[in-house]
Amino acid sequence: MADSKHYYELYRRSTLGGALTDTLDNLITERRIEPQLAFRILTNFDKAVSEILAEKVKSRLHFKGHLDTYRFCDDVWTFIIKDINFKLDNNNTIHADKVKIVACNTKRPGEV
């Protein structure tokens, strides 16, 4: 039975998602796969990454920084935070000059 749930495509812009997209584009260009198959692969990637992150990642962190920009559109929050410090579970800290955080609802509009 086909999965009717739709997943966000934001992980396609990650390093792994970009590498997958580039590889699929090359395979399409070389006529080794059809574009429809590449679309199905990307859809499966969206689902797999979302589900694995939800199931396997149990770590927590705290962060503090200066909120530069925020936006809420289509149930997606986007934050740009500058001069940010992350404090991990093991009390290690990490500093970054600028971080972009994208936060989505686990259920998309219209889902029960």
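Throughout, read-outs are computed from the coordinates displayed, never taken from laboratory work. Since we're looking at a predicted model, the values are computed, not measured. Neighbour counts are summed over all protein chains in view; Cβ atoms, including those assigned to glycine, are modelled from backbone coordinates with ideal geometry.
For the chain, the tally of Lys pairs with Cα-Cα distances below 16 Å comes to 12, considering only residues 8 or more apart or on different chains. Amide H to amide H, with H built 1.01 Å from N, residue 33 comes under 5 Å of 28, counting only residues 5 or more places away or on other chains. Phi angles across region 12-25 convert, under the Karplus curve 6.51 cos²θ - 1.76 cosθ + 1.60 with θ = phi - 60°, into 3J(HN,Hα) values of 5, 8, 6, 4, 5, x, x, 5, 5, 4, 4, 5, 5, 4 Hz, Gly and Pro given as x.
First measure r as the distance between the Cβ atoms of residue 106 and residue 79, then evaluate 1/(1 + (r/R0)^6) with R0 = 25 Å and state the FRET efficiency to the nearest 0.05. FRET efficiency, residue 106 to residue 79: 0.90.
Which peptide among 99-106, 6-13 comes first, and what is the full order, when sorted by highest mean count of other Cβ atoms within 10 Å?
Values: 99-106: 11.6, 6-13: 14.4.
Packing proxy ranking, top to bottom: 6-13, 99-106.
The orientation-averaged projected area of the convex hull spanned by the Cα atoms of the chain comes to 9.7 nm².
Using only Cα atoms, find the angle between the long axis of helix 35-56 and the longest principal axis of the chain, and express it within 0 to 90 degrees, rounded to the nearest 10. The angle comes out at about 30 degrees.
In this structure, residue 88 and residue 54 have a Cβ-Cβ separation that, at R0 = 22 Å, corresponds to a calculated FRET efficiency of about 0.65.
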